[in-house]
Each structure stands twice: as C-alpha cells, then as structure tokens.
1. So the check is Cβ under 7 Å with 6+ separation or different chains; which pairs have a first residue in the stretch 202-213 that's in the same structural domain as Thr115 (by TED's automatic domain parsing) and a second one that's of a type in the set (Phe, Trp, Tyr) and not in a helix (DSSP H, G or I)?
2. Return the residue satisfying two criteria in turn: it lies in the stretch 48-66 and is under 32 Å from the mean Cα position of the chain (by Cα) and aliphatic (A, V, I, L, M), and of such residues it is farthest from Ser134 (Cα to Cα).
3. Consider Ile334 against the criteria (1) assigned to a helix (DSSP H, G or I); (2) surrounded by 12 or more Cβ atoms within 10 Å (Cβ to Cβ): it satisfies all of them except one. Which criterion is unmet?
4. Need at least 2 residues that are outside the structural domain of Leu209 (by TED's automatic domain parsing) per element, so show me which strands (runs of 3 or more DSSP E) inside the stretch 80-196 make the cut, counting only ones lying wholly within it.
5. Is one or more of the residues making up the stretch 260-274 within 29 Å of Ala189 (Cα to Cα) and in contact with an Asp or Glu (Cβ under 8 Å, 6 or more places away or on another chain)?
6. Can you tell which of Ile267, Ile259 is surrounded by 15 or more Cβ atoms within 10 Å (Cβ to Cβ), in the same structural domain as Ile123 (by TED's automatic domain parsing) and within 16 Å of the chain's Cα centre (by Cα)?
7. Examine the stretch 174-182 for a residue that is under 30 Å from Thr278 (Cα atoms) and surrounded by 15 or more Cβ atoms within 10 Å (Cβ to Cβ), and state whether such a residue exists.
8. Given Thr115, Thr130, which one is buried (at least 19 other Cβ atoms within 10 Å of the Cβ), touching a residue at least 24 places away in the same chain (Cβ under 8 Å), within 29 Å of Ile175 (Cα to Cα) and of a type in the set (Ser, Thr, Tyr)?
Amino acid sequence: MRYKVLSWLRLAPKQASSTEVVQHDWHEHHIVTLKSHERFREKEHGIPLFANKPVWVHLYPRNERDLIKLLHRYDIHPLTVEDIFNSSNRIKREKFAHYTYLCFRGVHLSGSYITTKDFNFIITKKTLITISESERSTIDRLLADESLCRELLRKGPEFILHRILDIETDHTLHIVHDIDLAFEKAESALLTHNAAADIAMVFELKSSLALIKKLILTHKEIFDEMHQHDIRHFSKDSAAFFRDVRDHAIKIIDTIDGIVQAISSAIEAYNTISTRRTNDIIRILTIMTAIMLPLTLVTGYFGMNFKHLPLTEDHYGYLKTIVGMGILAVVMVIFFLRKKWL
C-alpha cells in the first residue's frame with residue numbers, strides 16, 4: 001500500500017546512504033542452518049525438513065501455487081497462503097495446530113510516498129519461515145550477514161524474528177523523528193505567519209502520523225497477545241527481547257501523540273493569529289471608511305448642480321472646504337485614539 005505525502009518530505013533531513021542491498025534472483029530461496037546458508041531455486045518436493053534442528057527459511061514465491069508447492073511438507077493451511085498474497089490482509093497473529101502465522105507491516109519512505117510492506121512469518125517447531133512478495137531490505141541485509149544469522153539461529157529461530165521486527169520498529173521511529181524535525185521547521189513559519197508557510201503541509205504531517213500510529217497500535221496488540229498467550233515455539237529467553245520491541249512500539253506511540261498534540265497547538269495558534277490579523281485589517285478598514293464617510297458627504301453636498309450653494313461664490317470657498325474637511329478628519333482620528341480603537 002502507498003500513501004502520498006508531498007510537502008513535508010522536502011523539510012525532512014536526508015538519510016545517510018546505506019549499504020547496498022544484495023541483489024537476488026526472485027526465484028532463488030534461502031535456507032539458513034547452523035552450518036550452512038543454502039540458496040536454492042526450485043525444489044520438486046518443496047522445502048526439506050530438518051527434524052529438530054533450528055532453521056530459517058526465506059521464500060520469494062511467484063504466486064500462491066508456487067508457495068503451496070514449497071510449503072506442502074509443512075502442512076500449511078490454504079487460508080494462510082491466501083492471507084500472505086492478500087494486499088488488504090490485516091495485521092494479525094493466527095494460531096494453528098502445529099504452527100503460528102504472524103503478519104506485521106513495515107513503514108518506509110519511497111520517493112514522495114509512505115509505503116507499507118507486509119512481513120509474513122510462519123513459526124513451526126525449530127523452524128522460522130519468512131515470505132516476501134517483493135524486496136525487503138531488512139531481510140536481505142540480514143541474509144547477507146551469514147555469521148550473524150547463525151549466531152541468532154543458535155539461540156533459536158525466534159531471535160531471527162525478533163531481529164527483523166526490532167530493525168523495522170526502529171526504522172519506523174526514525175521516520176517519526178524525521179516528521180518531527182519537519183514539523184519543527186514548519187512551526188516557526190506558522191507562528192510568525194510567514195507568507196511561505198503551507199498549512200496543508202502541516203495537515204499532511206498529521207495524516208502521516210495517524211497512519212503510522214494505526215499500524216503501531218496494531219503491532220502492540222500482537223505483542224500483547226504474544227506476551228499473554230506465549231507462542232509455544234518460542235524460548236523463555238526470547239520473551240524479554242520481544243518485550244523490548246513492544247516498549248519501542250509504545251515509545252513510537254507516545255512520540256506520535258506528543259507531535260500530534262504540538263501540531264494541534266500550532267494549528268490553533270495559527271488560526272488565532274490569522275483571526276487576529278483579519279480583525280486588525282477589518283478594524284483599520286472600518287476606521288478609514290468611518291473617516292472618509294463625512295468627507296464624502298461634504299464633497300457630495302458641494303457637488304450638487306444647484307446655482308446657489310454656500311461658499312460657491314466665495315473666492316476662498318474651495319480652500320475653506322479643504323481645511324474644514326482636514327479638521328474633521330483630525331478630530332475623528334483623535335476621537336478614535338481616545339476610544340483606543342486605533
């Protein structure tokens with residue numbers, strides 16, 4: 001899923017260039033064990049079983065039929081396969097007789113879009129299966145570091161899961177911080193009522209934060225379920241690590257709430273300043289109109305086409321009229337000043 005964001009991206013700091021993601025053949029799959037990291041293409045009988053040995057399997061299936069073929073030895077329910085290829089699938093934790101299915105959603109900046117990418121996990125006894133429909137830099141970089149993969153696998157496949165979720169959660173926190181920095185730059189322009197300030201950009205920030213918060217709240221619910229019901233395929237030592245990821249998710253939510261509150265205050269201040277400026281302008285224009293009204297009345301009176309009017313035959317009539325109009329204007333200004341309308 002992609003959500004358009006525009007203005008705030010130009011205010012966000014440029015991210016430092018990261019290491020290049022390892023390129024792979026999309027029909028090439030991965031099996032990581034304690035002793036080897038095998039890259040394989042098509043297997044006639046799907047993924048081999050590894051008994052009670054810990055293993056991480058990462059798949060790039062082309063379609064549902066391909067995935068069913070790869071997973072047929074693990075007796076994965078067809079509805080799980082359907083959920084993996086369903087772009088509108090909700091974030092969830094689903095428990096089956098011999099495995100648990102988890103779906104998380106990562107947040108990424110792709111050009112001028114906020115992109116959400118699903119992360120699908122199937123957890124069986126001593127086995128973690130991850131499935132990607134498209135490129136996932138988090139998983140690709142982890143696969144490229146074979147020594148780290150084996151180190152995590154030695155503790156248990158759930159530590160691979162923790163590593164992926166931890167990186168993605170921290171990455172989301174960085175995006176939230178970028179939005180916060182963008183807002184800080186926009187806030188000063190708003191409060192000074194800078195002509196270049198774009199109020200629509202601030203609403204884009206708020207909309208982006210609402211999207212991220214919605215995803216993270218759902219992730220937190222999944223972590224709560226994992227903590228309450230305890231996935232039986234996880235070791236007890238891993239519980240503390242998943243609580244740490246949950247704490248990071250709560251930190252993101254708290255950070256977003258703080259930014260949203262600041263944005264709401266800034267918008268309220270902007271509206272107050274705009275209203276005050278409008279009232280000041282209207283007050284000045286009203287006073288100018290009030291001053292000009294009697295002067296317009298005088299000029300209209302002497303502009304009537306009658307032969308006999310006061311001062312029309314007076315040699316100094318024009319000068320007297322101008323001076324009288326000036327005195328009238330000054331008197332009205334003094335009156336307004338005493339009333340503190342100016």
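1. Qualifying pairs under 7 Å: Leu211/Tyr3.
2. First, pick out the residues of the stretch 48-66 that are under 32 Å from the mean Cα position of the chain (by Cα): 56-64.
Those left that are additionally aliphatic (A, V, I, L, M): 57, 59.
Working: Val57: 16, Leu59: 10 Å.
Result: Val57.
3. Here Ile334 meets the rest and fails (2).
4. Values: elements: 92-95, 100-110, 113-124, 127-131.
Once the strands (runs of 3 or more DSSP E) in the stretch 80-196 are filtered for at least 2 residues that are outside the structural domain of Leu209 (by TED's automatic domain parsing), nothing remains.
5. Step one: of the stretch 260-274, the residues within 29 Å of Ala189 (Cα to Cα) are 260-274.
Going one step further and asking which of them are in contact with an Asp or Glu (Cβ under 8 Å, 6 or more places away or on another chain), we end up with 262, 266.
Yes; the residues of the stretch 260-274 include at least one that is within 29 Å of Ala189 (Cα to Cα) and in contact with an Asp or Glu (Cβ under 8 Å, 6 or more places away or on another chain).
6. Values: Ile267 fails: within 16 Å of the chain's Cα centre (by Cα).
Within the list Ile267, Ile259, the selection yields Ile259.
7. Yes, the stretch 174-182 has at least one match.
8. Working: Thr115 fails: buried (at least 19 other Cβ atoms within 10 Å of the Cβ).
Of Thr115, Thr130, the one residue that is buried (at least 19 other Cβ atoms within 10 Å of the Cβ), touching a residue at least 24 places away in the same chain (Cβ under 8 Å), within 29 Å of Ile175 (Cα to Cα) and of a type in the set (Ser, Thr, Tyr) is Thr130.
The values are calculated or read from the model by the stated rules, or taken from the named source; none is laboratory data. On a predicted model such as this, the values are computed, not experimentally measured, just so you know. Don't worry about glycine lacking a Cβ; one is built from the backbone with ideal geometry, like all the others, and counts go over all protein chains shown.
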